[in-house]
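Q: Below you will find the structure I want to go over with you.
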Amino acid sequence: MTEHAHADSHPHLPSDKELVLKVIPMPADTNGNGDIFGGWVMAQVDLAGSVLPARLICGRMATVAVNEFVFKQPVRVGDLLSFFAEVTRVGNTSMTVRVEVYAERMRAQGRYLKVTEASLTYVAIDDNGRPRPIARTMQA
Ligand SMILES: CC(C)(COP(=O)(O)OP(=O)(O)OC[C@H]1O[C@@H](n2cnc3c(N)ncnc32)[C@H](O)[C@@H]1OP(=O)(O)O)[C@@H](O)C(=O)NCCC(=O)NCCS
């Protein structure tokens with residue numbers, strides 16, 4: 001089965017999530033297979049996932065947990081990656097965000113392939129690095 005026929009091929013981007021990051025991985029980000037190193041993808045997902053919490057937390061925050069992380073398809077040099085996010089939970093001091101990553105292969109622009117999905121939790125912290133309540137009244 002080719003990747004384009006794979007069940008995860010996704011001709012449409014999610015309409016219920018927000019585009020929070022676009023980036024193109026470079027040769028320096030590859031592993032021994034020549035594909036993109038998973039740790040590089042995780043770092044981008046961590047950054048992308050923090051964008052929506054940043055609006056509500058309005059200050060310092062820390063990633064407390066990666067609840068789920070699935071690499072569904074390899075990422076390659078030259079892919080154009082689009083990171084979509086949605087807040088799935090707002091707690092007292094923490095927020096959980098779902099991130100989905102879609103790749104447009106170098107020679108297949110406009111065809112989107114879901115390569116990664118993840119769920120991460122971020123905690124608002126004070127100047128001493130201790131959890132602080134999120135100002136829930138600021139939620140839109
Ligand atoms: C983030 C940190 C300040 C939280 O401190 P803590 O003493 O564990 O705080 P608490 O136990 O009060 O938990 C704070 C919030 O995090 C949530 N949380 C804690 N552990 C969690 C876990 N494993 N998964 C999901 N959420 C978790 C709690 O449910 C709580 O959320 P709520 O207030 O919305 O209910 C502390 O763990 C820390 O500094 N961690 C290092 C963070 C970091 O450096 N991240 C970068 C990666 S190196």
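Q: Could you tell me how many degrees, from 0 to 90 and to the nearest 10, lie between the Cα long axis of helix 38-49 and the main elongation axis, the longest principal axis, of the Cα atoms of the chain?
A: Once rounded, one gets 50 degrees.
Q: On full extension of the chain, what length is gained from R136 through K72, given 0.36 nm per residue of separation minus the C-alpha to C-alpha distance? If you can, show how the numbers build up before the last one.
A: Values: separation 64, 0.36 × 64 = 23.04 nm, distance 3.41 nm.
Length gained between R136 and K72: 19.6 nm.
Q: Whole Å is fine, so just give me how far the alpha carbon centre of the stretch 25-41 lies from that of the stretch 95-140.
A: Between the Cα centres of the stretch 25-41 and the stretch 95-140 lies a distance of 21 Å.
Q: While we're here: What number in nm² do you get for the stretch 33-112 if you take the convex hull of its Cα atoms and divide its surface by four? It would help to have the intermediate numbers written out before the result.
A: Details: hull surface 24.3 nm².
Directional mean of the projected Cα hull area for the stretch 33-112 stands at 6.1 nm².
Q: Next question, about the same structure. Given axes a ≥ b ≥ c from the Cα gyration tensor, I'd like to know whether the stretch 69-121 is rounded (a/c under 1.5), prolate (a/b larger than b/c) or oblate.
A: On the way: a/c = 3.81, a/b = 2.74, b/c = 1.39.
Prolate, because a/c is 1.5 or more and a/b exceeds b/c.
Q: List, largest first, the extents of the alpha carbons of the chain along their principal axes, each in whole Å.
A: So the extents along the principal axes, rounded to whole Å, are 48, 32, 20.
Q: Here's something else I'd like to know. What aspartates and glutamates could a cross-link reach from K17, if we take a straight Cα to Cα line under 14 Å and drop same-chain neighbours fewer than 8 places away?
A: Partners found: E86, E100, E117.
Q: While we're looking at this one, here's another question. Highest mean first, how do 106-113, 41-48 rank when packing is the count of other Cβ atoms within 10 Å averaged over residues?
A: 41-48, 106-113
Q: Mind listing the long-range amide H neighbours of K72? Cut-off is under 5 Å, sequence gap 5 or more, other chains count too, H placed in the peptide plane at 1.01 Å from N.
A: When sequence neighbours closer than 5 places are left aside, the close amide H contacts are T116, E117.
Q: What is the extension gain from V90 to L13, computed as 0.36 nm multiplied by their sequence separation minus the C-alpha to C-alpha distance, in nm to one decimal?
A: Gain in length upon complete extension: 25.3 nm.
Q: Each residue of the stretch 127-133 in turn: what ³J(HN,Hα) in whole Hz from Karplus with 6.51, -1.76, 1.60 and θ = phi - 60°, glycine and Pro shown as x?
A: Computed from phi, the couplings for the stretch 127-133 are 5, 9, x, 9, x, 10, x Hz.
Bear in mind these aren't lab numbers, they're just calculated from the coordinates by the rules spelled out. The model shown is predicted, which means the values in this text are computed figures rather than measured ones. Quick reminder, even Gly has a Cβ in these numbers, built from the backbone with ideal geometry, and neighbours come from all protein chains shown.
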